[in-house]
Amino acid sequence: MLTLKNTLETDVLVIGGGIGGLCAAISAAQGGAKVIVLEKANSRRSGSGATGNDHFTCYYPKAHGNDMAPILKELLDSMLGLCHDTRLSVRFLERSISIADKWHEWGINMKPFGDDYVFMGHAFPNRPRIFLKYDGHNQKQVLTAQAKKAGAVILNHHPVLDLLRNDEGITGALALDMSGKEPSYTVVRAKKVIIATGAASRLYPPAGTPGWLFNTAFCPSCTGAAQAQSWRIGAKLVNMELPNRHAGPKYFSRAGKSTWIGVYRYPDGKLLGPFVTKATREVGDITCDVWNSAYSDVLMNGRGPAYIDCTGTGPEDMKFMRAGMISEGLGALLDYMDDKGIDPSKHGVEFMQYEPHLIGRGLEIDINGETSVHGLYAAGDMVGNFRSDISGAAVWGWMEGEHAAANLESGSLVEAEKSEWAQERMAYYDSFLTRPSGAHWKEAALGLQQIMGDYAAAGPHRVRSETLLCAGLKYLADLRRNAEANVKAANAHELLRAVEAFELMDNGEVIMHAARERKESRGMHQRSDYTFTNPLLSDKFLTVRKENGNVITEWRQRWSA
Amino acid sequence: MPPVINQDLCIGCGTCADICPMNVFEQEAPKMVPTVAYGEECWHCNACVLDCPKKAVSLRIPLNYMLLHVDAAQFKE
Ligand SMILES: Cc1cc2nc3c(=O)[nH]c(=O)nc-3n(C[C@H](O)[C@H](O)[C@H](O)COP(=O)(O)OP(=O)(O)OC[C@H]3O[C@@H](n4cnc5c(N)ncnc54)[C@H](O)[C@@H]3O)c2cc1C
Ligand code: SF4
Ligand code: SF4
């Protein structure tokens, strides 16, 4: 039986010790706040940045000039730019280089090529380059050490299960303490909460290896916790219905495709895209950032498969690429290639589009990073109206930590663990552990993926419609009811996996409600009953929230700069 | 995609079990060699391989993750 063992108090609670969470913890602690971080795994190696990244999008006036406008345009035109409230993009760009400076000072090598920052990769020929190339292999250890040095307390192996609130706003969170032999509950009462739980992987059947739930491009322990937990307490989510699909090598799912320096070809050697005939470290082949569905399209039309061909890349650039892959956390991929004799200077490697996941879709934040729930901030991959991956998480995390610490007087400490909601949720999670027998979490997880794949499919070549989405919502509700009544967790590990499956169900439900409301086709949101793109919606965002059990969808104007 | 621990090299420091983002390992007691309890849940992030002080961990990538590739000579024909 799970009991509440620990009730803690803090000024600022950070949920998720990933890139965004650690940056928030450092700035809040430096701002004088008492800070606790609750992390699902261990912040030294958790999340999508676990073993490194290598591109940090930012605006550097010294290299880019004093006019920010072309850089803003580049950001919005890039694969990151689809769902930005431009007001947030500008604020981000203004602060971005100051965070790169801090990272460098702390020991993450942001200048691996000499005395100054260098911008490379993900770029169109003859356009400004906005991706600062860095060596992030030690980023998580460095940020963890800085957070501790600043005074933040990091509680590892403490996944958060639910957010707690009252009528005024956020009051804290309920976590599962899995750090010892016996699991128990911890409640943290907080004046401000910054949630930063990363992307939502594992929503759809893995496109490459069905049945292998954990072969994902982004970290599979990021399961849309922020979106699910905030949704439950009535926060506003935005852009949830617009699918995003990453791409990379087939069937070894791994993000970081832009570190490969090569061109994309059809089997007969013909180039896929018009941008370059030869790739260099400065300008790679951006075809698949632009023609996002390329790898699926060429399979569907029979002209594929599509390969990345690095054989025209010079030897120096090949060495550079290998070093980049290490900075990027692709060590397991490199080891595998070495072991199997796969050599990118001799072999073409097939690329594919991975299953949809949520990144840059989720919580709506305002100019301070605060959500629609007073005192609750959100940073990183689970924000819905801004996206810039590593640097987005770092910069917004930092700004939110600052803002939270400077505004503590507008929050208060209450006995959050005594609320009806906290009591109800503690009993709920306990039921999975205490029931004598039942279904395995994997049945619930696979059930969700089946339903998402069939009834909320993402393009290309797959459609959504009113009838499919309504059926999907019905089936999802059936699955949830059955799973809630039957899933049995043998231990804390299995309980965590079950919790994740339920989080993903919440995400799936929100996606389907929002997808119903978007009565047009846009990007990979393809409606068979509304096949056109409606220009009237181009500058509008769709928000979803729950109020007294009812789902409320609302359109709003995109916030301009 | 189970990680594999070389029992002869492992000193049971527990690092792999502590840092694995997917909670793949279980360590019964300090100083004991961890068991790979949930190998299928491995994300091939490589953290355990990198952080093991004795280089005792390697990854066995499942057969079906095969990284499809061809001889690039075919592009020139
Ligand atoms: C191989 C790879 C290469 C990449 N390369 C780049 C790149 O070069 N440039 C770039 O911009 N981006 C890159 N990315 C993306 C980048 O890593 C992410 O965008 C970034 O890590 C997002 O930061 P975050 O703080 O939002 O989430 P994360 O860093 O993923 O952190 C989320 C944290 O929340 C924790 N968590 C999850 N659920 C809970 C819960 N319920 N309770 C408590 N904690 C929880 C997780 O354990 C994790 O620590 C790459 C990703 C991968 C996988
Ligand atoms: S590779 Fe990563 S996910 Fe797999 S066992 Fe090692 S640390 Fe865990
Ligand atoms: S990190 Fe290495 S030495 Fe330490 S317990 Fe794991 S396998 Fe053994």
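Label positions at A:ASP67 and A:PHE113, each projected 7 Å from the Cα along the C-beta direction, are separated by 2.4 nm. About its Cα centre, chain A has a charge dipole of approximately 500 debye under the convention of +1 per Lys or Arg Cβ and -1 per Asp or Glu Cβ, with nothing else charged. Full extension of the chain between A:LEU334 and A:SER465 yields a length gain of 43.0 nm, computed as 0.36 nm times the residue separation minus the alpha carbon distance. From its DSSP helices (H runs of at least four residues, each -39,500 (n - 2.57)), chain A gives a residue-normalised ellipticity at 222 nm of -11000 deg cm²/dmol.
For peptide A:208-217, what's the mean number of Cβ atoms from other chains within 10 Å of each residue's Cβ?
Mean number of neighbouring Cβ atoms from other chains: 4.
Computed over the range B:3-76, relative contact order equals 34 percent, with contacts defined as Cα pairs under 8 Å that lie 6+ residues apart.
Remark: mean inter-chain Cβ contacts per residue of A:322-334 equal 3, using a 10 Å Cβ-Cβ cutoff to other protein chain atoms. Here A:TRP398 sits with roughly 10 square angstrom of accessible surface, probe radius 1.4 Å. Accessible-area rank, largest first, for A:ASP11, A:ASP366: A:ASP366, A:ASP11, with all protein chains present and a 1.4 angstrom probe. Within straight-line reach of A:LYS346, meaning a Cα separation under 12 Å, sit the following aspartates and glutamates at least 8 residues removed in sequence or on another chain: A:ASP309, B:ASP71. Placing +1 on the Cβ of every Lys and Arg and -1 on the Cβ of every Asp and Glu, with nothing else charged, gives the range A:257-356 a dipole about its Cα centre of roughly 240 debye. Excluding same-chain neighbours fewer than eight residues apart, the aspartates and glutamates reachable from A:LYS40 by a Cα-Cα span under 17 Å are A:ASP162, A:ASP177, A:GLU182, A:ASP381, A:GLU494, A:GLU500, A:GLU503, B:ASP18, B:GLU26, B:GLU41.
Solvent-accessible surface (1.4 Å probe) assigned to A:GLU409 amounts to roughly 140 Å². Remark: C-alpha extents of the range A:99-141 on the principal axes read 35, 20, 17 Å, sorted largest to smallest. Here the ratio of the Cα radius of gyration of the range A:257-356 to 2.2 N^0.38 Å is 1.04.
Ellipsoid fit via the Cα gyration tensor, the range A:198-298: semi-axes of 32, 16, 12 Å, each the root of five times an eigenvalue, largest first.
Can you classify the range A:352-486 as rounded, prolate or oblate using the Cα gyration tensor, where a ≥ b ≥ c are the square roots of its eigenvalues, rounded means a/c under 1.5, and otherwise it's prolate if a/b beats b/c and oblate if not? It comes out oblate by the Cα gyration axes. Per residue of B:56-68, other chain Cβ atoms within 10 Å of the residue Cβ number 6 on average. Among A:THR467, B:THR35, the order of accessible area from largest down is A:THR467, B:THR35, computed with a 1.4 Å probe on protein heavy atoms.
Which entries in A:LYS73/A:LYS250; A:LYS140/A:LYS340; A:LYS5/A:LYS546; A:LYS192/A:LYS418; A:LYS102/A:LYS140 show an alpha-carbon gap greater than 20 Å?
Where the Cα-Cα span goes over 20 Å, the pairs concerned are A:LYS73/A:LYS250; A:LYS140/A:LYS340; A:LYS5/A:LYS546.
Which percent of the Cα-Cα distances in chain B go past 20 Å? More than 20 Å apart: 36 percent of the Cα pairs in chain B. Heavy-atom accessible surface of A:LYS346, to the nearest 10 Å², is about 120 Å², with a 1.4 Å probe and all protein chains retained. Solvent-accessible surface of protein heavy atoms, probed at 1.4 angstrom with all chains present, puts A:THR3, A:THR171 in the order A:THR3, A:THR171, largest first.
When the charge dipole of chain A is built from unit charges on Cβ atoms (+1 for Lys and Arg, -1 for Asp and Glu) and taken about the Cα centre, the candidate among A:ALA306, A:ILE108, A:CYS470 whose Cα reaches farthest toward its positive end is A:ALA306.
Summarised in one figure, the compactness ratio Rg/Rh of the range A:440-561, Cα atoms and Kirkwood Rh, is 1.04. Measuring how big chain A is from its alpha-carbon positions, Rg and Dmax come out at 22.6, 67 Å.
The values are calculated or read from the model by the stated rules, or taken from the named source; none is laboratory data. Keep in mind it's a predicted model, so treat the numbers as computed, not measured. Cβ coordinates were reconstructed from backbone atoms using ideal geometry, including for glycine residues, and neighbour counts include every protein chain displayed. Protein only, heavy atoms only, side chains kept; ligands, DNA and RNA dropped before computing areas. Shrake-Rupley method; radii C 1.70, N 1.55, O 1.52, S 1.80 Å.
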